[in-house]
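Peer 1: What follows is a structure written as structure tokens; I'll ask about it next.
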Amino acid sequence: MPKHPHGGHGHGFQRPHNLRSTIGKLMRYITRYRLAFVPVILCLVISAAGNVGGSYLIKPIINDYILPGDFPGLFKMLVLMAAIYVLSALASYVYARIMVHISQNTVAQLRQDLFAHLQKLPLRYYDTHPAGDLMSRFTNDIDTVSEMISNSFASVISCVLTFLGILGMMFYLNWILTLISVVFLLLMLLAVKTIGGKSRTNFRRQQAALGSLNGYIEEMIEGQKVIKVFNHEQVAVDRFAQLNDTYRDAATTAQTYAASMMPTMGNLSRINYAVTCCVGGLLAIGGVFNVGALGAYLLYVKQVSQPITQLSQQVNVLLSAIAGAERIFAVMEETPESDEGKTVLVRVEKEGDTLTETQHRTGHWAWKQPDGSLVELRGDVQFKDVVFGYEPQKPVLHNVSLFAKPGQKIAFVGSTGAGKTTITNLINRFYDIQSGTITYDGISVQDISKDSLRRSLGVVLQDTHLFTGTVADNIRYGKLDATDEEVRNAAKLANADTFIRHLPQGYDTVLTGDGDELSQGERQLLAIARAAVSDPPVLILDEATSSIDTRTEKLIEAGMDSLMEGRTVFVIAHRLSTVRNAQAILVLEQGEIIERGNHEQLLVEKGRYYHLYTGQAELK
């Protein structure tokens, strides 16, 4: 099914790939409320029986009260008929309310399980699945499932019960007339299949055309500056006209077929009614059929096509909802991020060289290995002959070896795509390597619990993301139990305190829309403060100052130096001026380290770093 530009799906027909399997999984959610289905089924039977039984009363009303002129008896029968219909309507209301309750509880659990599973998936999954497509699971797909459970599910059962009841009563009243009606019902089913099939095919074409049209509109709106620079306005208009015409033609055909369904069904129903009237009248004249039975039968003829029409409308809703459920379960069946690490991070008290595990805040941490031994967390990171590729057959790092001793600042420089960010992603095990080893304080990162490993790392990403909440909450994201004093100290360390105090409510200012009310530099400062509050032994700065102007950069240099003091720091530098004080600068090209040394050593060598640095200097 074609997607809209933002990952959503159109409202055309979707057919699930594995109907039986998806229904089974969905039923496991629905049947958690199996006890609630007892009154639902009871109400459905009462509702259907009321509709069918109320119509049958026409026979005794005509034969026993209208023709003999028994008007008091007629009034009683009319009251009885009204009571039956009221009871039927009340039963419909009750089962509808219960189904809404079942629906909302089911989709709430489904939504909860889906979100929880997304948190367990590796980053590799998000690399290949657009955010809009995942969002559509929570919106379009969940909505279709909710609609099916609350409305379509009970509606289908009600239609089937009503149809079988009406058909049974028609055979009971007169089997000859019923055979005539069955012929017309078969014609209606043929019409539903033929017109419905063509309608679905053309709705798919319509949705594909709409997706292309919407995608083009979004692309052209975002690219207005380029369009005007190159005078492509008329080309854009002409292309839009083509896509617009394609969508118009597809929509016209689809809507034509869809609009013809009800008139076709209606005309066949009216023809059936007319033929039944004529034949039934002749049978009544011949004494084979009494007038009351004919009246009840004709009412059933008017009603019998309604369940078929409703079922034809609900089939698409049901299958579309199951297709949506299938997409939801496809995500929930993705393999979660594996974690075989048994070594965990624990707080310790340190006396000389002796480490003792404790629950108190001490500022000291250690790795607790499976055998119970404690290894002090110092921040010693080493790579040895590491080979890695996002796709195993296409390595992006080739036999990379490096070491960072506790307290050292290691800088990565190189052109875009050289593998700088990839190396930092391997330290925190966002991805696992194909070969080689990565050790942290002498322990393989494969043996460390991912939660503990990542808790020991402070990361400032190139793309800053702020959450809806206060400024303090966003800083505290680095350490959820941080006190207000720790939050302020972290902000001061990153030199963010000054601008925060000038915000309308200071640290209590609520940020929305990913911090749109802040400048890019201010957002970056908050990200640095977030890393600072976690007080990590190892710090990863992925071009952390790339979005900060020169003046702001100078403001935070002192704070960054304080933050980096005594920590192992990996820096991916956008500006080479920011790495001059690094103990080691690693120059990467095409996934290999081609140069290493400090700033002065690399300038003397006059290699790749020298050309990068002098080229930047010439641009200033």
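Peer 1: Have a look at Lys420, Lys384, Lys409, Lys405 and point out the one that is surrounded by 13 or more Cβ atoms within 10 Å (Cβ to Cβ), basic (Lys, Arg), touching a strand residue (DSSP E or B) at 6+ places or on another chain (Cβ under 8 Å) and more than 30 Å from Asp127 (Cα to Cα).
Peer 2: Lys405
Peer 1: Given the criterion touching a Lys or Arg at 6+ places or on another chain (Cβ under 9 Å), open to solvent by less than 40 Å² (accessible area, probe 1.4 Å) and in contact (Cβ under 8 Å) with a residue 12 or more places away in the chain, identify the matching residue among Leu298, Leu283, Leu319.
Peer 2: The unique qualifying residue is Leu319.
Peer 1: Follow-up. Output the number of residues of region 217-266 satisfying the condition of being open to solvent by 80 Å² or more (accessible area, probe 1.4 Å) and outside any helix (DSSP H, G or I).
Peer 2: Count: 3.
Peer 1: Then there's this: Could you list all residues from region 36-65 that are farther than 26 Å from Pro307 by Cβ and free of Cβ contacts under 8 Å to residues at least 24 places away in the same chain?
Peer 2: Answer for region 36-65, where residues must be farther than 26 Å from Pro307 by Cβ and free of Cβ contacts under 8 Å to residues at least 24 places away in the same chain: just Tyr65.
Peer 1: I'd like the residue in region 426-452 that is on the phi > 0 side of the Ramachandran plot and modelled with pLDDT under 90 and, out of all such residues, is most open to solvent (accessible area, probe 1.4 Å).
Peer 2: Among those that are on the phi > 0 side of the Ramachandran plot and modelled with pLDDT under 90, it is Gly442.
Peer 1: Within 36 Å of the chain's Cα centre (by Cα), more than 20 Å from Arg454 (Cβ to Cβ) and of a type in the set (Asp, Glu), is that true of Glu349?
Peer 2: no
Peer 1: Something else about it: Got a sec? Which of Lys193, Lys198 is among the charged types (D, E, K, R), closer than 30 Å to Val279 by Cα and in a helix (DSSP H, G or I)?
Peer 2: Exactly one residue qualifies, and that residue is Lys193.
Peer 1: Which pairs have Cβ atoms under 6 Å, sit 6 or more apart or on different chains, and link a residue in region 125-150 that is of a type in the set (Asp, Glu) to one that is surrounded by 14 or more Cβ atoms within 10 Å (Cβ to Cβ)?
Peer 2: Correct list of pairs: Asp133/Gly7; Asp141/Gly324; Asp141/Arg327; Asp141/Ile328.
Peer 1: Now for a separate question. Does Arg327 satisfy being among the basic types (Lys, Arg) and part of a helix (DSSP H, G or I)?
Peer 2: When the stated conditions are applied, Arg327 passes them.
Peer 1: Can you name the residue in region 594-608 that is hydrophobic (A, V, I, L, M, F, W, C) and more than 15 Å from Phe412 (Cα to Cα) and is also surrounded by the fewest Cβ atoms within 10 Å (Cβ to Cβ) among such residues?
Peer 2: The extreme case among them is Val604.
Peer 1: For region 536-565, which positions are modelled with pLDDT of 80 or more and in a loop (DSSP other than H, G, I, E, B)?
Peer 2: Pro536, Pro537
Peer 1: If you check Ala83, Ala48, which single one turns out to be closer than 20 Å to Met169 by Cβ and open to solvent by less than 30 Å² (accessible area, probe 1.4 Å)?
Peer 2: Ala48
Peer 1: Has region 69-91 got any residue that is within 30 Å of Glu340 (Cα to Cα) and not hydrophobic (A, V, I, L, M, F, W, C)?
Peer 2: no
Peer 1: Is there any pair linking a residue in region 336-352 that is closer than 30 Å to Arg124 by Cα to one that is modelled with pLDDT of 85 or more and of a type in the set (Asp, Glu), with Cβ under 6 Å and at least six apart or on different chains, and which?
Peer 2: Close Cβ pairs (under 6 Å, with a partner that is modelled with pLDDT of 85 or more and of a type in the set (Asp, Glu)) amount to Gly341/Asp447; Thr343/Asp447.
Peer 1: Which residues, taken from region 236-280, are free of Cβ contacts under 8 Å to residues at least 40 places away in the same chain, closer than 24 Å to Thr309 by Cα and among the hydrophobic types (A, V, I, L, M, F, W, C)?
Peer 2: Ala259, Ala274, Cys277
Peer 1: Follow-up. State all residues of region 570-593 that are open to solvent by less than 50 Å² (accessible area, probe 1.4 Å), over 39 Å from the mean Cα position of the chain (by Cα) and modelled with pLDDT under 80; if no residue qualifies, say none.
Peer 2: Hits for region 570-593 are Leu576, Ser577, Thr578, Val579.
Peer 1: When region 136-172 is examined, which residues are found to be touching a His at 6+ places or on another chain (Cβ under 8 Å) and modelled with pLDDT of 90 or more?
Peer 2: Those that are touching a His at 6+ places or on another chain (Cβ under 8 Å) and modelled with pLDDT of 90 or more: none in region 136-172.
Peer 1: Mind counting the residues in region 358-378 that are at pLDDT 85 or above, open to solvent by less than 50 Å² (accessible area, probe 1.4 Å) and part of a loop (DSSP other than H, G, I, E, B)?
Peer 2: The number of residues fulfilling the criteria is 3.
Peer 1: State whether one or more residues within region 203-213 are under 30 Å from Met27 (Cα atoms), hydrophobic (A, V, I, L, M, F, W, C) and open to solvent by less than 30 Å² (accessible area, probe 1.4 Å).
Peer 2: no
Peer 1: From Asn202, Asn231, grab the single residue that is in contact (Cβ under 8 Å) with a residue 12 or more places away in the chain and out of contact with any Lys or Arg (no Cβ under 7 Å at 6 or more places or on another chain).
Peer 2: Being in contact (Cβ under 8 Å) with a residue 12 or more places away in the chain and out of contact with any Lys or Arg (no Cβ under 7 Å at 6 or more places or on another chain) holds for just one of Asn202, Asn231, which is Asn202.
The values are calculated or read from the model by the stated rules, or taken from the named source; none is laboratory data. Nothing here was measured: the structure is a model prediction, and the numbers come from that model. As a convention, Cβ positions derive from the backbone with ideal geometry for all residues, glycine included, and neighbour counts pool all protein chains shown. Note: areas computed on protein heavy atoms with side chains; ligands, DNA, RNA excluded. Shrake-Rupley method; radii C 1.70, N 1.55, O 1.52, S 1.80 Å.
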